[in-house]
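Below is a structure I'd like to ask you about.
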Amino acid sequence: MKRKTRLICIFALLICFIIGGCASQTDEEKKIIKVGTNAEFPPFEYINDEGEVDGFDMAIMRAIGEEMGYEIDIVNMEFKSLAASLKTGALDAVAAGMTVTEERKQTVDFSNSYYGAVQSIVFKKDRAVNSLAELNGKKIAVQEGTTGDILVTPAEDNEVITDSSTEVKRFKKGADAIVELKNGGVDAVVIDSSPAHSFVAANQEDLTYLDLSDTEEFYAIAVGKGNQELLDDINEGLERIQNNGVFDQIVDQYINGNTVNVRQTSNNPIMQIIYDCKYVFIDTNGYQLLLQGLGVTIGISFAAVCLGIILGFVIALMKLTETRKKRKTVLSVIANIYINILRGTPVMVQLLIMYMIVFRSNMAYLAAILTFGINSGAYVAENIRAGIMAVDNGQMEGGRSLGFTYAQTMRYIILPQAIKNAFPALGNEFITLLKETSIVGYVAIQDLTKAADFIISRTYEAFYPLIAIAIIYFILVWGLTQLLAVVERRMRQSDLR
Ligand code: ARG
């Protein structure tokens, strides 16, 4: 009975922890506004050398916040999810170089516009594109859901791109569209002029652009439909910074003063590789992003493994009450439900549920640690149970006949052997967990995989960053394997086999 109570206490504590985590977040929502963006749109929004979301729009929002007494909390997500997140209330505002369109006005409200732009065609230097109409029947890459996407997608009301054989490839990021162009997968990229100029500046050797002067559009900040109070404040803040010179300063800093790293080239292929690596990892600070990402990956994995072990033990013991009592018990039923649900659904789905529903898009790290820990717990539980079942029944009988209680026999005789039995399987589980954390980028965590992703966006090079993280993961797993081998050897020291 005492043991049961202890188990229940541990469980209750965990639940309190989760609920407490959620609740503490709601307390501090005083004047914080959540501003969504998609940091794939330089110079309006991008990831800076420190791995933070930065850019013209962010500077504008912070300046408005300063004027109007708001704290700005920036949330980086896919461009096409921004409007929907305003609707659900996950965001208060969107600052993402978002163009005012009649269609978008149906779902969101726009501030006064703060910037005018046109669309541009980006293409390879060795060919000439003189008008949008020339792209009829060609392959075009765009960022999904943007005005560029609308401009080139053949539709009834599209007067220029009328050829339905025109192939539009939609990417989540503008940079990926550029990589596709460089790889020869498309003939052109159609995107807003400022990012087009940034992309071309970073790829001067092989890309160029054409601005489409008759496609003028205006950027504005969006808020949820009917959120007049926030909209008025944003408009007022915008007006104030336009009058006091701060706005112009930000234009100078982010749009006029935008410097790019120049890339060295060489005819010698070995030298070219060295230059490329230097550019990707050093000049554009890729190594810093990788180091930060590595820390995050290790941190999340370590915390999740610890949680997984604790939960795994608890669940395994709960499930074993069934073996002991030779009938189903409340605890074993709970344990079975736990194991079945967590093993029966993809961890990616669990992560999204935890982050978006349980945590309402707050505290991504905690959400990730809990998801992976809870998920791993199910597997660890089965490994430990297998380890326990592999211990001969006679051991329990022996312990009991020596006068030990069930719990004592478990603790001093069965579990030490069980852990040894389960160890190889547990090692597998930890290795899997480490690699599985590579999906945390989906909930806005900058782990190792996400770091590679950022580097691709910044350098338009996919090869070096991806190979680099593959090697880093490999080294991590290799290190972990060595560590597990050492521990296993220690544990087996007393064995006769
Ligand atoms: N101005 C374009 C639009 O509203 C593209 C904006 C893309 N912005 C971004 N942060 N990715 O559709």
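Any idea which of (1) under 26 Å from I64 (Cβ atoms); (2) modelled with pLDDT of 95 or more is the one K169 doesn't satisfy?
The single condition K169 does not satisfy is (1).
Which one of these is farther than 27 Å from V179 by Cβ, in contact (Cβ under 8 Å) with a residue 24 or more places away in the chain and hydroxyl-bearing (S, T, Y): T107, T146?
T107
Scan the stretch 205-216 for residues that are in contact with a helix residue (DSSP H, G or I) (Cβ under 8 Å, 6 or more places away or on another chain) and under 16 Å from L132 (Cα atoms) and jot them down.
T208, Y209, D211, L212, T215
How do the pairs read when you match residues in the stretch 326-338 that are farther than 19 Å from M389 by Cβ with residues anywhere that are in a helix (DSSP H, G or I), using Cβ under 8 Å and keeping only pairs 6 or more apart or on different chains?
These pairs meet every condition: I334/M318.
So is A175 surrounded by 21 or more Cβ atoms within 10 Å (Cβ to Cβ) and modelled with pLDDT under 95 or not?
yes
Follow-up question, since we're still on this one. Kindly evaluate I161 against the criterion of being more than 14 Å from the ligand (Cβ to nearest atom) and part of a loop (DSSP other than H, G, I, E, B).
Yes: the conditions hold for I161.
Considering only residues that are surrounded by fewer than 16 Cβ atoms within 10 Å (Cβ to Cβ) and either closer than 19 Å to L230 by Cα or within 11 Å of the ligand (Cβ to nearest atom) (or both), which ones fall in the stretch 86-112?
K87, T88, G89, T101, E103, K105, Q106, T107, N112
Hey, could you check the stretch 187-219 for residues that are buried (at least 23 other Cβ atoms within 10 Å of the Cβ) and either of a type in the set (A, V, I, L, M) or away from the ligand (no atom under 16 Å from the Cβ) (or both) and say which is nearest to T101 (Cα to Cα)?
If we take residues in the stretch 187-219 being buried (at least 23 other Cβ atoms within 10 Å of the Cβ) and either of a type in the set (A, V, I, L, M) or away from the ligand (no atom under 16 Å from the Cβ) (or both), then I191 is nearest to T101 (Cα to Cα).
Among (1) surrounded by 14 or more Cβ atoms within 10 Å (Cβ to Cβ); (2) in a helix (DSSP H, G or I), there is one condition T481 misses while meeting the rest; what is its number?
Failing condition for T481: (1).
Can I ask one more? For I72, are the conditions met, namely being of a type in the set (V, I, T), assigned to a helix (DSSP H, G or I) and more than 13 Å from the ligand (Cβ to nearest atom)?
For I72, the condition - of a type in the set (V, I, T), assigned to a helix (DSSP H, G or I) and more than 13 Å from the ligand (Cβ to nearest atom) - is not met.
The values are calculated or read from the model by the stated rules, or taken from the named source; none is laboratory data. The structure displayed is predicted, hence computed values, not measured ones. Because the Cβ atoms are built from the backbone with ideal geometry, glycine has one as well, and the counts that use them run over all protein chains shown.
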